[in-house]
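Visitor: The structure follows.
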């Protein structure tokens, strides 16, 4: 079974949402790079030369603990920017690995920074995108701070469904969802099964339907 952490992410290719940014970055950003499942786009400590947009597939941002255990910081889907900190950093701070076969658009940071200096309106537009992603990050942190697994899962689903929403499109694996919300996949499986048994959710092909919000 699969999942979605953000309703704006779809398995289809993203081609228009950030076209204005691709135009600012020049021709290099217009030709996506293809990655095989498991292929690394960059590794922690590599020189930070660009930021990226997922065109198709999913990229996982991964850090390793002191005993070399991987921790998934974020899974980026189509239409999503990632590695934005590279604009003002000399090195990447995590690994970026394709969770499935993927395409990414590359935005060289030198060209972007030149474009931002020339066009303040472009800078404002980019800052608005970053502000939206900060809001999404805070929502993920809020979810991780909920102690009850049942409440954590319901909080995540309610956010993904959006205001008045009742259905969440799925765009990744349950193991990826478990990592993103800070649960083991076994706990997530049990929690979803209990929620479905209680009539709170209904699992559909490629989606989860919320039946009610009261039974958290």
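To keep it simple, each residue is scored yes or no on (1) modelled with pLDDT of 85 or more; (2) under 19 Å from the mean Cα position of the chain (by Cα); (3) surrounded by 14 or more Cβ atoms within 10 Å (Cβ to Cβ); (4) more than 27 Å from residue 144 (Cα to Cα).
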| residue | (1), (2), (3), (4) |
| --- | --- |
| 32 | yes, yes, yes, yes |
| 36 | yes, yes, no, yes |
| 46 | yes, no, yes, yes |
| 57 | yes, yes, yes, no |
| 74 | yes, yes, yes, no |
| 83 | yes, yes, yes, no |
| 92 | yes, yes, yes, no |
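Visitor: Related question: Quick check on the stretch 94-103: of everything there that is over 13 Å from the mean Cα position of the chain (by Cα) and either assigned to a loop (DSSP other than H, G, I, E, B) or touching a residue at least 60 places away in the same chain (Cβ under 8 Å) (or both), which residue is surrounded by the most Cβ atoms within 10 Å (Cβ to Cβ)?
Guide: Applying the filter and picking the extreme gives 102.
Residue-by-condition table, conditions (1) surrounded by 14 or more Cβ atoms within 10 Å (Cβ to Cβ); (2) assigned to a loop (DSSP other than H, G, I, E, B):
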| site | (1), (2) |
| --- | --- |
| 115 | yes, no |
| 129 | yes, no |
| 141 | no, no |
| 147 | no, yes |
| 153 | yes, no |
| 157 | yes, no |
| 190 | yes, no |
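Visitor: Of the residues 166, 110, 144, which single one is modelled with pLDDT under 95 and in contact with a helix residue (DSSP H, G or I) (Cβ under 9 Å, 6 or more places away or on another chain)?
Guide: Checking each option against the conditions leaves just 144.
Visitor: Can you name every residue in the stretch 68-93 that is touching a strand residue (DSSP E or B) at 6+ places or on another chain (Cβ under 6 Å) and part of a strand (DSSP E or B)?
Guide: 70, 71, 72, 73, 74, 75, 76, 81, 82
Visitor: Follow-up question, since we're still on this one. Mind telling me which of the residues 122, 177, 183 ends up being within 19 Å of residue 78 (Cβ to Cβ) and surrounded by 13 or more Cβ atoms within 10 Å (Cβ to Cβ)?
Guide: On inspection, the qualifying residue turns out to be 177.
The values are calculated or read from the model by the stated rules, or taken from the named source; none is laboratory data. Just so it is clear, the model here is predicted, and its values are computed rather than measured. Note: ideal-geometry Cβ built from the backbone for every residue, glycine included; neighbour counts use all protein chains shown.
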